[in-house]
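Here is the structure we will look at, set down as structure tokens.
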Amino acid sequence: MVEKSHTSGFWPSLADPLRQFGERVSEWLAPASEASGDDDLYRIAVELPGVEEDDIHLSVEDGVVFLKGEKRTDREEKGETWYFSERQYGAFSRSFRLPPDAQGDAVDAQLKDGVLTITIPKVTPKKRENAKIEIRKG
């Protein structure tokens, strides 16, 4: 895969490696998620361990669910020697495009045991009525 430079010359911009690194870091910090559905609704589950409910912002705009938030740290380091830490902290965001039959104005969300479950009801299709149509004489 050939990546294009953001400048117009032969030499890549000095900012390109930093920009590419930033894109990869944001992908790495994005919380894991899964989507499923049944006859009545769609379900999106997002792993957010250690994230407080007040630090999560969820909205729907133009058929897209936007999830933004931040996992904060309150680590006190007095007198401790840290050898490694694999814990992630910082801001995150995800977005999910809704299918055409999703009711974006009826989204519900629940945070339980570090998993945010977003449910979106499906539009109930109107039942077609079988009716005899009279043909008029012309």
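With a 10 Å Cβ neighbour count serving as the proxy for reagent exposure, in which order, fewest first, do Phe96, Phe66 appear?
In increasing order of surrounding Cβ atoms, one gets Phe66, Phe96.
Based on the Cβ-Cβ distance of Ala91 and Arg43, what FRET efficiency does E = 1/(1 + (r/R0)^6) give at R0 = 35 Å, to the nearest 0.05?
Numbers: r = 25 Å, r/R0 = 0.71.
The formula returns an efficiency of 0.90 here.
So for Asp113, Asp108, Asp101, fewest C-beta neighbours within 10 Å to most, what's the order? Walk me through the numbers on the way to the answer.
Working: Asp113 5, Asp108 10, Asp101 13.
Ascending number of Cβ neighbours within 10 Å: Asp113, Asp108, Asp101.
How much length is gained on full extension from Glu53 to Ala131, taking 0.36 nm per residue of separation minus their Cα-Cα distance?
Numbers: separation 78, 0.36 × 78 = 28.08 nm, distance 5.17 nm.
Full extension of this stretch gives 22.9 nm more.
What distance in nm separates the simple spin-label points at Tyr83 and Ser36, each placed 7 Å from Cα in the Cβ direction?
Using points 7 Å along Cα→Cβ, the separation is 3.9 nm.
Here, each number is a calculation from the coordinates, and none is a lab measurement. Keep in mind the model is a prediction, meaning the values are calculated, not measured. Note: ideal-geometry Cβ built from the backbone for every residue, glycine included; neighbour counts use all protein chains shown.
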